[in-house]
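A.B. asks: This structure is in structure tokens; I'll ask about it shortly.
The values are calculated or read from the model by the stated rules, or taken from the named source; none is laboratory data. Bear in mind the structure is a predicted one, so any value in this text is a computation, not a measurement. When we count neighbours, we look across all protein chains shown, and the Cβ atoms used for this are built from the backbone with ideal geometry, even at glycine.
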Amino acid sequence: MGCFDTLYFICPACNKITTCQSKADECLLREFSINEAPLTIILDVENDSKRGNLYCDYCEEQLELKVQYIVNPVLKNKIRK
Ligand SMILES: [Zn+2]
């Protein structure tokens, strides 16, 4: 049996929760929302979508994952001494 991790997200066409699988990371049968998945899985699914292999499980619309990096400095509430 092949192992994988599952990424789930809301389809922009039908608004239902759809999933896709990735073998890019540790493949421990974990489930991640699109906002908490490891970057290795996000990039794997993005590449798969660019090859035309990402479809909604429900409406079967072809989808593309567009990855945008947002990096923000956050306060640690500690001043250097
Ligand atoms: Zn859909």
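A.B. asks: Of all residues in segment 15-42, which are loosely packed, with under 14 Cβ neighbours inside 10 Å and not β-branched (Val, Ile, Thr)?
C.D. replies: ASN15, LYS16, LYS23, GLU26, LEU28, LEU29, GLU31, SER33, ASN35, GLU36, LEU39 - these are the residues of segment 15-42 that are loosely packed, with under 14 Cβ neighbours inside 10 Å and not β-branched (Val, Ile, Thr).
A.B. asks: For segment 20-75, which positions are more than 16 Å from the ligand (Cβ to nearest atom) and either among the β-branched types (Val, Ile, Thr) or touching a Pro at 6+ places or on another chain (Cβ under 6 Å) (or both)?
C.D. replies: Once the filter is applied, which keeps residues that are more than 16 Å from the ligand (Cβ to nearest atom) and either among the β-branched types (Val, Ile, Thr) or touching a Pro at 6+ places or on another chain (Cβ under 6 Å) (or both), segment 20-75 yields ASP25, THR40, ILE41, ILE42, VAL67, ILE70, VAL71, VAL74.
A.B. asks: Now, a different point. List the pairs whose first member sits in segment 59-79 and is free of Cβ contacts under 8 Å to residues at least 12 places away in the same chain, whose second member is in a loop (DSSP other than H, G, I, E, B), and whose Cβ atoms are under 8 Å apart, counting only residues at least 6 apart or on separate chains?
C.D. replies: GLN62/GLY52; GLN62/LEU54
A.B. asks: Follow-up question, since we're still on this one. Please tell me if GLU60 is assigned to a loop (DSSP other than H, G, I, E, B) and surrounded by fewer than 11 Cβ atoms within 10 Å (Cβ to Cβ).
C.D. replies: So GLU60 does not fit the description; no.
A.B. asks: Can you pull out the residues in segment 2-30 that are assigned to a loop (DSSP other than H, G, I, E, B) and either among the small types (Gly, Ala, Ser) or on the phi > 0 side of the Ramachandran plot (or both)?
C.D. replies: Those that are assigned to a loop (DSSP other than H, G, I, E, B) and either among the small types (Gly, Ala, Ser) or on the phi > 0 side of the Ramachandran plot (or both): GLY2, ALA13, ASN15, ALA24, CYS27, LEU29.
A.B. asks: Another question, if that's okay. How many residues does segment 31-52 hold that are part of a loop (DSSP other than H, G, I, E, B) and at pLDDT below 95?
C.D. replies: Adding up the residues that qualify gives 5.
A.B. asks: Quick one: which of ASN47, ASN35, ASN53, ASN15 is free of Cβ contacts under 8 Å to residues at least 12 places away in the same chain and within 8 Å of the chain's Cα centre (by Cα)?
C.D. replies: Only one candidate qualifies: ASN35.
A.B. asks: Let me ask something additional. Which of the residues spanning segment 16-56 are farther than 16 Å from VAL67 by Cα and of a type in the set (Asp, Glu)?
C.D. replies: Within segment 16-56, ASP25, GLU26, GLU31 qualify.
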